[in-house]
Amino acid sequence: FNMKKLFKFFTAGALALSAMSVSASNLTVGGVTWDPSSSVDFQTSFRFYQNFNADPTIAGTELSGLGEIFSVNDLFNNEFCPSGCQLAFVFSEFLTDGNGGFEQDSGKLSVYVDSDSDYDFINDPQNSGNITDGTLWLELIATSVVFETNGGAQSYNSGSLFVDWILGTDTALAYDFFVPGSQPNGSDAFSDTSASFLVSAGSFKGTGSLYADTVSAPSTIAVFGLSLLGLGAVKRRRKA
């Protein structure tokens, strides 16, 4: 066992990783590529279908849905998924409060990446199986839900939904690359959506955006740095 050689090995590895992160600004996670240093990082645009499982004027009625992300940091699908993958999502557990809004701490969003790209928003938009057969890329849990109605006899017929999110399970592929507490109200992500629909139609369409901040390789370099400090400490103890 040669501590001197091992120390040199870790030093060289850390320097090489540092150089690599500087020369390549793009980050790729699960086939999804984006630039964390972009002025619009991290911003997605998406479209969706959603429906209530009962009369939304009754408290506790669930709003759920599904859709696809078609833009990341102003790059479209064939640009942010150059390998041909697809980002799509399902959401659920948004519960009405009986007063024209939603319960504050209800709602979950699960984003999946799929190399098959078999979810068809135009021709087969309700097929959630073609979304959830992918790999979980990001999960978000709602902490604040604000609904602004556009008016009318039925408040849920048209309006905008604003949601503060925190990161969900750390098993999601992109979990480690999102910065906690970077958005309004100390949230990890923020979204705004709008939709116009007839509740009686059962299903309706909308669009929205999701905002967050992401980081890339420097966090990994920090791990190497800690390793080097540990090796240095061991080396000093051996000399003592």
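The values are calculated or read from the model by the stated rules, or taken from the named source; none is laboratory data. Bear in mind that the values here come from a model prediction, so they are computed numbers and not experimental data. All Cβ positions, even for glycine, are placed from backbone atoms using ideal geometry, and neighbour counts span all protein chains on display. Side chains included, ligands, DNA and RNA excluded: accessible areas come from the protein's heavy atoms. Shrake-Rupley method; radii C 1.70, N 1.55, O 1.52, S 1.80 Å.
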Of the numbered conditions (1) closer than 19 Å to Ser191 by Cα; (2) open to solvent by 20 Å² or more (accessible area, probe 1.4 Å); (3) modelled with pLDDT of 95 or more, Phe76 satisfies every one except a single condition; which is it? (3)
Restricting to segment 173-187, count the residues that are open to solvent by less than 70 Å² (accessible area, probe 1.4 Å), in contact (Cβ under 8 Å) with a residue 60 or more places away in the chain and either in a loop (DSSP other than H, G, I, E, B) or polar (S, T, N, Q) (or both). 1
Confirm whether Glu68 is touching a Lys or Arg at 6+ places or on another chain (Cβ under 8 Å), at pLDDT 95 or above and open to solvent by less than 50 Å² (accessible area, probe 1.4 Å). yes
Pick from Val199, Val215: which is over 19 Å from Phe70 (Cβ atoms) and modelled with pLDDT of 90 or more? Val215
Would you mind listing the strands (runs of 3 or more DSSP E) fully within segment 91-167 where at least 1 residues are modelled with pLDDT of 95 or more and at positive phi? none
Of the residues Asp176, Asp170, Asp188, which single one is over 22 Å from Asn73 (Cα atoms) and modelled with pLDDT of 95 or more? Asp170
Could we say that Gly84 is over 18 Å from the mean Cα position of the chain (by Cα) and modelled with pLDDT of 95 or more here? no
Any residue at all in segment 61-78 that's closer than 25 Å to Trp34 by Cβ, part of a loop (DSSP other than H, G, I, E, B) and not small (Gly, Ala, Ser)? yes
Can you name the residue in segment 30-57 that is touching a residue at least 60 places away in the same chain (Cβ under 8 Å) and among the hydrophobic types (A, V, I, L, M, F, W, C) and is also surrounded by the most Cβ atoms within 10 Å (Cβ to Cβ) among such residues? Trp34
Every listed condition ((1) in contact (Cβ under 8 Å) with a residue 40 or more places away in the chain; (2) open to solvent by less than 20 Å² (accessible area, probe 1.4 Å); (3) of a type in the set (Gly, Ala, Ser); (4) closer than 28 Å to Ile58 by Cβ) holds for Ser106 save (1)
